[in-house]
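The values are calculated or read from the model by the stated rules, or taken from the named source; none is laboratory data. Bear in mind the structure is a predicted one, so any value in this text is a computation, not a measurement. Cβ: placed from backbone, ideal geometry, glycine included. Neighbour counts: every protein chain shown.
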């Protein structure tokens, strides 16, 4: 996928946000196992675990996206593209989770940013991107060759990337043609008259934008939930 100047700036910002802190800044909160009996069946505590799981998944993928330049080494291109796919997939799953808990928290002000991201009209296009990325490229590998056969029959007679590597080791090996097929399918699905570059730029910008907003909204909602159940009574600092 080509990279716009705006996306490069956004990734640079995310790289700063997601940097590992100095050891002197490390902190931890420990759950008091003897007090689990008081909260283990609390629906809000279960939601805390769910939201935490979503944050872990999105942060993992965002960190990988921010750690590799898409144009430089073969390994960097491979890692960046696959990380973008995984980020889109985890975001789709996160949105599904938020939709599943909306009934309990719909009137909570701290839930509103997540509700808007998961259900609002403003991000409908991005949610469509995420769903297709999840179903095509992130966690499904076209085991029945449906997408692959569809794309192969329509490819124009020109030169295509096939395999590459930065050296002879397996660690930098990249079978680029497989990702090209998936990218081509995504662009075909969403182009609507736009070029490959325009479509892929819009997808990248939309996914990285909603990822950061989603992560921050989860963080704020998690703090609200922890205060709501009085988590301070059940942890060690």
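Looking only at the range 40-71, residues that are buried (at least 17 other Cβ atoms within 10 Å of the Cβ), free of Cβ contacts under 8 Å to residues at least 40 places away in the same chain and in a loop (DSSP other than H, G, I, E, B) come to 1 in all. Here is a check on your reading of the model: is residue 77 assigned to a helix (DSSP H, G or I), modelled with pLDDT of 90 or more, in contact with a strand residue (DSSP E or B) (Cβ under 8 Å, 6 or more places away or on another chain) and under 29 Å from residue 174 (Cα atoms)? So residue 77 passes the test. The numbered conditions (1) closer than 23 Å to residue 77 by Cβ; (2) surrounded by 15 or more Cβ atoms within 10 Å (Cβ to Cβ) are all true for residue 126 except (1). Is it true that residue 84 is surrounded by 14 or more Cβ atoms within 10 Å (Cβ to Cβ), within 22 Å of residue 135 (Cα to Cα) and modelled with pLDDT of 95 or more? Here the answer is yes, as residue 84 does meet what is asked. Looking at the range 106-123 only, could you name the residues that are free of Cβ contacts under 8 Å to residues at least 40 places away in the same chain and either in a loop (DSSP other than H, G, I, E, B) or surrounded by 13 or more Cβ atoms within 10 Å (Cβ to Cβ) (or both)? Answer for the range 106-123, where residues must be free of Cβ contacts under 8 Å to residues at least 40 places away in the same chain and either in a loop (DSSP other than H, G, I, E, B) or surrounded by 13 or more Cβ atoms within 10 Å (Cβ to Cβ) (or both): 106, 107, 112, 115, 116, 118, 119, 120. Selection of the range 143-172 for residues being free of Cβ contacts under 8 Å to residues at least 24 places away in the same chain, closer than 22 Å to residue 79 by Cβ and in a loop (DSSP other than H, G, I, E, B) yields 160, 161, 162, 163, 167, 168, 169.
Residues of the range 129-149 that are surrounded by 16 or more Cβ atoms within 10 Å (Cβ to Cβ) and on the phi > 0 side of the Ramachandran plot: 142 alone.
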